[in-house]
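Reading through the structure tokens given below for one structure.
The values are calculated or read from the model by the stated rules, or taken from the named source; none is laboratory data. Keep in mind that this is a model prediction, so the values were computed, not measured. No Cβ is skipped: glycine too gets one built from the backbone with ideal geometry, and neighbour counts run over all protein chains shown. Just so you know, the surface numbers come from the protein's heavy atoms only, side chains and all, with ligands and any DNA or RNA stripped out. Shrake-Rupley method; radii C 1.70, N 1.55, O 1.52, S 1.80 Å.
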Amino acid sequence: MKILKVDKLSIRYKLKEGEVQAVENVSFEVNERDVVGIVGESGSGKSTLAYGIMKLLPSNAYFKNGRIYLFGKDILKIPLEEIRKNRWKKYSMVFQKSMNALSPVHRIGDQIKEALTIHQPYLSQDEMKKRMERAMRMVNLPLRVLKAYPHELSGGMMQRTMIALSLINDPKFVIFDEATTALDVVTQGQILDEVKKLVENLGLTAIFITHDIGVIAEICNKVAVMYAGKLMEFGSLKEVIYHPLHPYTKALLKSHPDFLKPGEEIKGIRGALPDPLKSFRGCVFAPRCEFASEMCFEREPEEISVEGRKVSCFNLSEVSK
Amino acid sequence: MKTIEVKNLKKYFPLRKLGKRYYIRAVDDVSFSIEEGEIVGILGESGCGKSTLGFLISRLERETEGDVFFRNQKISGTLRLPKDTRRRIQLILQNPYDSFDPRFTVGESLLIPLRIHKIGSHDLERKRKIYEYMEMAGLSPATNYYERYPHELSGGQVQRLSILRAMLLKPDFLVADECVSMLDVSVRADVINFLLNFASLSKTSMMFITHDISLGSFVSNRIIVMYLGKVVEIAKAKEIVKNPLHPYTRILLSYSPVLFEKRKKIPIKGYVQPLLEKPKGCRFFQRCPFSQKECSEIDPKLVEIEKGHLVACHVVS
Ligand SMILES: Nc1ncnc2c1ncn2[C@@H]1O[C@H](COP(=O)(O)OP(=O)(O)OP(=O)(O)O)[C@@H](O)[C@H]1O
Ligand SMILES: Nc1ncnc2c1ncn2[C@@H]1O[C@H](COP(=O)(O)OP(=O)(O)OP(=O)(O)O)[C@@H](O)[C@H]1O
Ligand SMILES: [Mg+2]
Ligand SMILES: [Mg+2]
């Protein structure tokens, strides 16, 4: 079953200096029980895409073109009422800004309970308490956290609280936006295992936005690679991470500091993201691409799509040599 | 000269439960020092007290007990510091959004502290410096970002600005708390190299808090591993990776993700128990796969096993 379909989506932000092309003509699909990883350079539009799907964009953003179908419904068309009813219940999200997402003056437990009360008012007090405790255990937090205020938690405890909150209403689809950045490997591993169980046992579908390729390799079955608002490559984990086609994906993987070779310097990709306020000609990655040919600076490569795998590049034969 | 010296530092947060007073021992009797120009990595599980330690040393949090010295001068006992000392000790917050006032543009937030501390002789010069740093961190062209508000930037962009903000003040000592957690590998490499160059040129000492072992061992000269408020191991970064001694360090290393090879994970029991009462034995005892009888009875002391390699564990020593 198709849970999400994003079709030629473009999202822009209005600023006084101009428009930021945050997401440009992005298309991909997510099926039930898929766990899709989204990777890409800082500022490439990953969070914007997530906010778009949840219809939570800030007021200076607008959908320029494209469609988003969530559970078969065009969310750009359905009334806000309906979205409000389902958001945080049928689908939810963990924000990258999770450390600032809760109210500082209310206890954690009260805030989680509120989320339950709004969407499942028919639950008994006992049942609510049981669910809250179950959620806390799932993210490895002691129950005392329910009594604490946000400022009394460590960064990683706060992130785990937000993961618990996002799952409290048993959603079918969740976007995790850099949700485990503050967690050590052991804690992170335990949480990823819990999410895996939800996927297997309860049919959860998820998107993991992360810069941590270790997380991607651990939990995702599909990977999307974004660069400057565009989708560069999309496919199965095996294809994209272990046999990447796009030069950007290759460069990104190459800069991964492999723990096994100590002493080696970590290298970035030379140059920086293009100015998002300017429109560009040709492929957005061309100025930083070691395979770029003349054509790359003139025309934009079309998306080549074979059996669900997508890549946008002119020089695939060169690159894969 | 030692830039930072910490002696028997403790931070207990009171907690009321059923009328009785309990304490969360966030930092519990920690001692170490950081030499001029040295970078010390702090590793450890979420909630083990890393940020609290950072707050205590940069004087944003009052200690329960113990002392902190900055260049041989005692700075503990009060949160008030002379203005210049305040500048010389900088903290990059784990949550970068907390470094910026949402009512100001990020440019203003970078410029105002420079004015206050009279770094640069006029605003033009200060701005030029800020632009230069922004470009170095991949925020290019800088003019695009300078006048934005924090909420108009991506997470990684705000995080890079919070690093620059601390660097611009030319500190002698910098606490970097998970400062590249939101950056992808390629941007991270540039930012880390920028930070390391800066530190070595200006002889800035650093406390580099991270949960990422490969990053920590790349950046640091020495590494301190913490568990539930205690230091359990200190050694040269290379040594920690090559020859981890404390069971907890060994477990952490075995979980560190590697892409193209499956490493055997050492199983770990249960999860962090909240420590409300003072434990009798070793804090790691219940989760430790190697524990012996005495572990539940005597709290192990930090002892030097090899030169410069300290471990707090009965099994090892
Ligand atoms: N409210 C806003 N107004 C204007 N520009 C914005 C706004 N929010 C984000 N941007 C810009 O849009 C682009 C995409 O931002 P987004 O947050 O989606 O990136 P990201 O891929 O999530 O990056 P990161 O990995 O750093 O979180 C960036 O250039 C950012 O500066
Ligand atoms: N202001 C506070 N009041 C009460 N408890 C606190 C306070 N600040 C921190 N704590 C507690 O102290 C312990 C250590 O927190 P700290 O933030 O230092 O952890 P950390 O090692 O930085 O973790 P993380 O990796 O998750 O950021 C936690 O149990 C936390 O709940
Ligand atoms: Mg983001
Ligand atoms: Mg912390």
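General observations
- P(r) of region A:180-321 over all Cα-Cα pairs, binned every 10 Å from zero, in whole percent: 10, 35, 33, 17, 4, 0
- At q = 0.22, 0.23 Å⁻¹, base-10 log of I(q)/I(0) for region B:105-227 (Debye sum, equal scatterers on each alpha carbon): -1.38, -1.47
- Sequence-distant residues sharing a close amide H with A:ILE175 (under 5 Å, placed H): A:SER92, A:MET93, A:VAL94, A:ILE207
- For peptide A:84-97, the mean count of partner chain Cβ atoms within 10 Å of a residue's Cβ comes to 1.
- Fluctuation leader among A:GLY214, A:GLY52, A:GLY156 - chain A, Gaussian network, Cα springs under 10 angstrom: A:GLY214
- Gaussian network model of chain B, springs between alpha carbon atoms under 10 Å - residue of B:LYS129, B:LYS236, B:LYS20 with greatest fluctuation: B:LYS20
- Estimated FRET transfer efficiency (B:GLU306, A:HIS243; beta-carbon r; R0 35 Å; 0.05): 0.20
- Each Lys or Arg adds one and each Asp or Glu takes one away; over the other residues whose Cβ falls under 14 Å from the Cβ of A:HIS151, this sums to -1.
- For region B:4-83, the calculated P(r), taken from all Cα-Cα distances in 10 Å bins from zero up to the bin holding the longest distance, is 17, 47, 27, 7, 1 percent.
- Pair B:ASP123, A:LYS73: separation of 7 Å Cα→Cβ label points (nm): 5.1
- Less than 5 angstrom separates the built amide H of B:GLU38 from those of B:MET206, all sequence-distant by 5 or more or on a different chain.
- Subset of B:LYS230/B:LYS293; B:LYS74/B:LYS301; A:LYS113/B:LYS10; A:LYS5/A:LYS250 violating a 30 Å alpha-carbon distance limit: A:LYS113/B:LYS10
- Considering helices alone, the calculated mean residue ellipticity of chain A at 222 nm is -9000 deg cm²/dmol, with DSSP H runs of length four and up weighted by -39500 (n - 2.57) and normalised per residue.
- Our summary gives chain B a relative contact order of 20 percent, counting only alpha carbon pairs under 8 angstrom and 6 or more residues apart.
- Compactness index (Cα Rg / 2.2 N^0.38 Å), the protein assembly as shown: 0.96
- Size of chain B from its Cα atoms: along the principal axes, largest to smallest, the extents are 67, 49, 43 Å.
- Residues of region A:138-162 whose accessible area, computed with a 1.4 Å probe over protein heavy atoms, drops by at least 50 Å² once all protein chains are present relative to their chain alone are A:ARG144.
- Between B and A, buried accessible area from a 1.4 angstrom probe totals roughly 4700 Å², ignoring ligands, DNA and RNA.
- Once the Cβ-Cβ distance of A:ASN31 and A:GLU294 is raised to the sixth power relative to R0 = 51 Å, the FRET efficiency obtained is 0.85.
- Reference-scaled alpha-carbon Rg (2.2 N^0.38 Å with N residues) for chain A: 1.04
- Scattering curve values for region A:177-235, log₁₀ I(q)/I(0), Debye with Cα scatterers, q = 0.13, 0.17, 0.18, 0.30 Å⁻¹: -0.37, -0.61, -0.68, -1.36
- Rounded accessible area per residue of region B:79-166, 1.4 Å, Å²: 46
- Computed from backbone phi with θ = phi - 60° and the Karplus coefficients 6.51, -1.76 and 1.60, the 3J(HN,Hα) list for region B:238-244 is 4, 5, 4, 6, 7, 9, x Hz; x is used for glycine and proline.
- Relative contact order for chain A, counting Cα pairs under 8 Å that sit 6 or more residues apart, in percent: 21
- When the P(r) of region A:94-149 is calculated, the portion above 17 Å amounts to 41% of the C-alpha pairs.
- Largest to smallest accessible area among B:GLU147, A:GLU218 [probe 1.4 Å]: B:GLU147, A:GLU218
- Sequence-ordered 3J(HN,Hα) estimates for region A:65-73 from the Karplus curve with 6.51, -1.76 and 1.60 and θ = phi - 60° stand at 7, x, 9, 10, 9, 10, 6, x, 10 Hz, glycine and proline given as x.
- For the pair region B:146-207 / region A:265-321, the C-alpha centres are spaced 28 Å from each other.
- A viscosity of 0.890 mPa s and a temperature of 25 °C, combined with the Kirkwood radius over C-alpha pairs in the Stokes-Einstein formula, give region A:1-140 a diffusion coefficient of 142 µm²/s.
- In a DSSP loop and with at most 13 other Cβ atoms within 10 Å, there are no chymotrypsin sites (Phe, Trp or Tyr not before Pro) in region A:162-219.
- Gaussian network model of chain B, springs between alpha carbon atoms under 10 Å - residue of B:ASP177, B:ASP101, B:ASP67 with greatest fluctuation: B:ASP101
- Tail weight of P(r) past 14 Å, computed on alpha-carbon pairs of region A:40-90, percent: 56
- Of A:LYS197/A:LYS238; A:LYS130/A:LYS197; A:LYS147/B:LYS11; A:LYS2/A:LYS130; A:LYS129/A:LYS172, pairs whose Cα-Cα distance is over 28 Å: A:LYS2/A:LYS130
- Debye-formula intensities of region B:176-254, expressed as log10 I(q)/I(0) at q = 0.13, 0.14, 0.16, 0.17 Å⁻¹, are -0.42, -0.49, -0.63, -0.71 (one equal scatterer per alpha-carbon, no solvent).
- When only alpha carbons of region B:1-134 are considered, Rg and Dmax amount to 17.9, 59 Å.
- Kirkwood estimate for region A:140-215, i.e. one over the average of 1/r between Cα atoms, Å: 13.1
- Between the amide H of B:ASP28 and those of B:LYS11, B:LYS230, distances stay under 5 Å, these residues lying 5 or more places away or on another chain, with hydrogens modeled in the peptide plane.
- In straight-distance terms, cross-link reach from B:LYS129 covers every one of the aspartates and glutamates whose alpha-carbon lies under 15 Å from its own, apart from those fewer than eight places away in the same chain; here that gives B:GLU108.
- Radius ratio Rg over Rh of region A:113-179, counting only Cα atoms, Kirkwood formula for Rh: 0.96
- Dipole of chain B [Lys/Arg +1, Asp/Glu -1 at C-beta], most positive-end residue of B:GLY120, B:VAL158, B:PRO267: B:PRO267
- In order along region A:80-96, the phi-based Karplus estimate (6.51 cos²θ - 1.76 cosθ + 1.60, θ = phi - 60°) of 3J(HN,Hα) comes to 4, 3, 5, 5, 4, 5, 8, 5, 6, 10, 6, 9, 8, 8, 9, 7, 4 Hz; Gly and Pro are listed as x.
- Per atom type, region B:114-153 shows carbon and sulfur on 53% of its accessible surface, probed at 1.4 Å.
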